[in-house]
Every structure is written in structure tokens, then in C-alpha cells.
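K.L.:
One structure, pasted below without further comment.
The values are calculated or read from the model by the stated rules, or taken from the named source; none is laboratory data. Keep in mind the model is a prediction, meaning the values are calculated, not measured. Don't worry about glycine lacking a Cβ; one is built from the backbone with ideal geometry, like all the others, and counts go over all protein chains shown. Heads up: the accessible areas ignore ligands, DNA and RNA and are worked out on the full protein's heavy atoms, side chains in. Shrake-Rupley method; radii C 1.70, N 1.55, O 1.52, S 1.80 Å.
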Amino acid sequence: DGVQVNDPTFGSLKTNTGVGGALLPLEFVEEVNVITGGYMPEFGRAGGGVLNVVTKSGSNDFHGSVWGNWWPGALTATPNTVRNEGSSLETTTKRHNTGDFGADLGGAIIKDKLWFYGGVAQSFDRQRVTRGVRRFLLNDDASDFLYDDAGNIRTEGVTSNSRFDDRRAFTWFGKLT
């Protein structure tokens, strides 16, 4: 709808959290157009393509919806821990649950002249983050690491702690046409 959400400095999307990705639920979207080449001058600041998203609008008839989605982490595979031989730190992130819910409503304020559309949505994401510290074993004079038969640095135990990483977003949207 004519709102610029790109950041030409870093080639990413602007958000209120400073993290890439536009915070617009798909339930508020009417149409998406992808233009990858040969686009008109009004898209002159585009680096390689244009993603044009048109949001829903009101009409002479009242319409609305309520939605909810939930993805349990139990359906997500357990990630492998990638170890860096030179690092004593390791981190594993496992999805716990993700979801969103919301509602929208649109209709006429003045029939055939002025319409409204609005919606609200709440999204949440919870991950269990486990961070561990490995202790490397040194040889007797502490001049080098001890290695196993496969040539890997030997370590002794992992001290770890676990916590939840929660992320929530509240999105609201309003439009007069």
C-alpha cells in the first residue's frame, strides 16, 4: 500500500524490533506480487527485485475472521550440536512451541464511499536454549591438548544450563479507503 519497509543500507527489512522481517500476519494480506526484472521506474531503489504486498480493505459488506495457529515443538526434530574443536562453548536450541492468534473486521462507514478494515494479532515463540562449557584436557606439561585415537581434542564433562527464550509480538493494523 505504498509503505516502504526496506532498508537500502543493509538490504534488509525494517521492523520495530530491529530484526529482519516485516511484522505483518498473512491473514491481513489480500495479494502478493513478485517482480524480479523489467520493473518500472517507481521501483528504482530496488536492488534485485520487488515484493509488492497489498493488504485487505473494507467493502460495502461487513466481513471478519478469527484465527489461531499452534505448532508444538514435539513435532520438531532435535537439532544436532555442531562442535568447533577450538571452542569450549556449545549451544543447542530446541523449539518448544510457536503460535499466533488474531481477528480482523472490515466494512462500510459510508456505503460506496468510505470503508474501513482493521485487525489485531498476537504471536509467540518459545525455544529452550541449552548452553554448555567443555573443559579441554592438557598433556602433563600443559603445552598441548590431549587427543583421542581419532585425532579429536579430548574433553572432560560438559557443564550446562538451560533456559527458555521467549519472543512475543503484538501487531495491529488499520486502514481507511
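K.L.:
Could you give the length gained by full extension between Val54 and Ser162, i.e. 0.36 nm per residue of separation minus their alpha carbon distance, to one decimal place?
P.N.:
The Val54-Ser162 span can extend by a further 34.7 nm.
K.L.:
Taking all protein chains in place and a 1.4 Å probe, what share, in percent, of the accessible surface of region 67-131 do carbon and sulfur account for?
P.N.:
57 percent
K.L.:
Given a Förster radius of 45 Å and the C-beta distance between Ala150 and Tyr39 as r, what FRET efficiency does 1/(1 + (r/R0)^6) yield to the nearest 0.05?
P.N.:
0.25
K.L.:
Still on this structure: When the chain is fully extended, how far beyond the present Cα-Cα distance does Val133 get from Glu90, taking 0.36 nm per residue of separation?
P.N.:
14.8 nm
K.L.:
Moving to a separate point now. If R₀ is 35 angstrom, what is the calculated FRET efficiency for the pair Val120 and Ala77, using the beta carbon separation as r and rounding to 0.05?
P.N.:
Efficiency for this residue pair is about 0.60.
K.L.:
Using each residue's phi in region 108-119, evaluate 6.51 cos²θ - 1.76 cosθ + 1.60 at θ = phi - 60° and report the 3J(HN,Hα) Karplus result to the nearest Hz, with x for Gly and Pro.
P.N.:
With the stated coefficients, region 108-119 comes to 9, 8, 10, 4, 6, 9, 9, 10, 10, 8, x, x Hz.
K.L.:
Sticking with this one: Let me check something: with ligands and nucleic acids excluded, how do Thr78, Thr98 order by accessible area (1.4 Å probe), largest to smallest?
P.N.:
Thr78, Thr98
K.L.:
Another question, if that's okay. Tell me the per residue accessible area of region 28-177 using a 1.4 Å probe; a whole number in Å² is fine.
P.N.:
70 Å²
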